[in-house]
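J.: Sharing a structure, written as C-alpha cells. Questions coming.
The values are calculated or read from the model by the stated rules, or taken from the named source; none is laboratory data. All values derive from a computational prediction rather than experimental measurement. Heads up, the Cβs are rebuilt from the backbone with ideal geometry, glycines too, and the neighbour counts pull from every protein chain shown.
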Amino acid sequence: MRLKNSSIPKPSTKLFFYIIKGMYAKYGEDSQAGKGSSAEQDAICELVRQKNHLELCLTSVKRKLSKDTQFTRTEQLKTMHVSQKNIYKL
C-alpha cells in the first residue's frame, strides 16, 4: 500500500520556527552561558595546573634535601671517625 504525498501532513513554517526557537532557548542558551564562563574555567584550570606543578616541585625539593642531608650526615660521620682514629694514634 502506497501513501500519497498529500496524506502526510506537513508542519507549518511557523510551528517549525517555534519548535526550533524553543529548543534553542532550552539547550542553546545554556551552552552560550558555558562559553561565557569559559574564561573563568580556563583560569581555574590554570590555577589547578600551577598548583600541581608547584606540588611536584616541592616534592622534588624535599627529596633532594633529604638526599643532601643524608649525604652530609654520612660525610660528617666519616670525618668524625677519621678524627677519632687520629686522636687514638696520638
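J.: Only one of (1) at pLDDT 75 or above; (2) within 33 Å of the chain's Cα centre (by Cα) fails for residue 21. Which number is that?
T.: Failing condition for residue 21: (2).
J.: From (1) at pLDDT below 85; (2) surrounded by 10 or more Cβ atoms within 10 Å (Cβ to Cβ); (3) out of contact with any Pro (no Cβ under 9 Å at 6 or more places or on another chain), pick out the condition that doesn't hold for residue 13.
T.: All conditions are met except number (2).
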